[in-house]
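Novice: Below you'll find the structure I mean.
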Amino acid sequence: MVAALRIALIGAGNMGRQHLHHLQAVPSARLCALADPDPRAAELAAQWAVPHFRDHRQLLESVRPEAVIVANPNALHVATALDCLDLGIPLLLEKPVGTTSAEVAQLLHAQRDQRVPLLVGHHRRHNPLIARAHELLRQGALGRLVTVTALWQLQKPESYFESAWRREAGAGMLLTNLIHDLDLLRHLCGEVRQVQAFADNALRGYANADSAVINLHFESGALGSLTASDGAVAPWSWELTSGENPVYPHQPDQSCYLFAGTEGAMSVPQLRLWRYAEPGAGWHQPLATEVRATVPDEALRLQLEHFVRVARGEEAPLVSTEDAARTLALVAAVERAAASGTAQHPAAPLPD
Ligand SMILES: NC(=O)c1ccc[n+]([C@@H]2O[C@H](COP(=O)([O-])OP(=O)(O)OC[C@H]3O[C@@H](n4cnc5c(N)ncnc54)[C@H](O)[C@@H]3O)[C@@H](O)[C@H]2O)c1
């Protein structure tokens, strides 16, 4: 039997602890060390009976893990990933892959030279609901995709904003939350050619927008919209409708994404399809509907199992650095569109 992969965790906050939870459940992986400057991380390491380091570089040098999960603050992602790549250590890097396209270009350069496996933690792509939706769209279950309507509307409590950084520029729902939806829209509908956006902070007056509407023109010709607010009382978001994370009370009868094509429509997360019994019947005919069910499973655990195979060179990463860089470039294009009031093109994130 192959020994469990020795994985170190860098950053043991909210997300790092979720990764720890799943490390307990995956026999092919085991925690070997933990790095986080917060004194509480030393207690956590003691509970797990693994060495604790304040500095991840000391961890990498002295423990030489076979793989690393990086869940430290966004601004440290690229520098930490470069340290791992330098030592040839495969990594699962939390999203966003970086904070700017320029710094992510450094990662792309480094990977060209070193070819060390790197998986970016856009974990929702591992959810069986998304895998099935992807398969149905690719198989042409809706014909040619015409439109997608995406909703992310919920209310964050005021306590969420007690941490000062969450009120300051650089945080906010676009980079923290909508990046997930934009990543899934790219994954499911293909690359985006052009975006328009309105964003407003009128509800709370903080540095980041609390409401936004985003229009997307995909390279396929399909059109999409994403309507978002973190200050509205509403049940329409991946968090509330998918049931992926039990901290969000589940709204199973509501949808967050509506896809419409030339031959049918589909709601997510229900995976309910609508089609005419006779193709091309038109609006006076009844629409037949059916649900393409999936077996629910934990996206973060599935991501970890995939990461072990990626680190061992058995599979290509489901979300590569370049792929995640394209999602980041889309987020940047939305920001530019909202700030300028003009349509923007996402920049290609490849190094020269
Ligand atoms: N995939 C998802 O759905 C998802 C959800 C939440 C957060 N995240 C990502 O996970 C990362 C962490 O977010 P979080 O919510 O856990 O934040 P957090 O503030 O709870 O945790 C961050 C941790 O990193 C530690 N840290 C700070 N500097 C460090 C350093 N130099 N080396 C090692 N550790 C350091 C902090 O002490 C803290 O414990 C972010 O990049 C975030 O975008 C992803």
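Any read-out appearing in this document is the output of simple, stated calculations on the displayed coordinates, not a laboratory observation. Everything numeric in this text was worked out from a predicted model, so none of it was measured. We place every Cβ from the backbone using ideal geometry, glycine too, and count neighbours over all the protein chains shown.
Novice: Across the stretch 142-207, how large is the tail of the calculated P(r) beyond 16 Å, expressed as a percent of all Cα pairs?
Specialist: For the stretch 142-207, the share of Cα pairs beyond 16 Å comes to 58 percent.
Novice: Continuing with the same structure: Using a simple spin-label model with points 7 Å from Cα along the Cα→Cβ vector, what separation in nm is obtained for ALA348 and HIS284?
Specialist: In this crude label model, ALA348 to HIS284 measures out at 5.0 nm.
Novice: Please list log₁₀ I(q)/I(0) at q = 0.19, 0.30 Å⁻¹ for the stretch 79-127, using the Debye equation with identical point scatterers on the alpha-carbon positions.
Specialist: Result of the Debye calculation: -0.59, -1.22.
Novice: Whole Å is fine, so just give me how far the alpha carbon centre of the stretch 232-264 lies from that of the stretch 95-148.
Specialist: 20
Novice: Sort LEU304, LEU240 by Cβ crowding within 10 Å, fewest neighbours at the top.
Specialist: LEU240, LEU304
Novice: Quick one: if you stick a label point 7 Å off each Cα along the C-beta vector at GLN24 and HIS217, how many nm between them?
Specialist: 5.1
Novice: How far apart, in nanometres, would the label points at ARG312 and GLN139 be if each is projected 7 angstrom from Cα along the Cα-to-Cβ direction?
Specialist: Modelled inter-label distance: 2.9 nm.
Novice: In terms of modelled amide H atoms, which long-range or inter-chain residues lie less than 5 Å from the amide H of GLN153?
Specialist: Correct list: SER229, TRP236, SER237.
Novice: May I pose another question? Would you report the distance distribution of C-alpha pairs in the stretch 78-184 as whole percents per 10 angstrom bin, up to the bin with the largest distance?
Specialist: The distribution over the stretch 78-184 is 11, 30, 31, 23, 5, given as percents.
Novice: So, one more: On full extension of the chain, what length is gained from GLU191 through ARG292, given 0.36 nm per residue of separation minus the C-alpha to C-alpha distance? Present the calculation step by step, with values, prior to reporting the outcome.
Specialist: Numbers: separation 101, 0.36 × 101 = 36.36 nm, distance 2.55 nm.
Additional length available on full extension: 33.8 nm.
Novice: Quick one: Cα convex hull volume of the chain, Å³ per residue? Let's see the in-between values first.
Specialist: Working: hull volume 53.4 nm³, N = 352.
It is 152 Å³ per residue.
Novice: Further question: Mind jotting down the three principal axis lengths of the stretch 140-293 based on Cα atoms? Whole angstrom, largest first.
Specialist: Principal-axis extents of the Cα atoms in the stretch 140-293, largest first: 57, 34, 25 Å.
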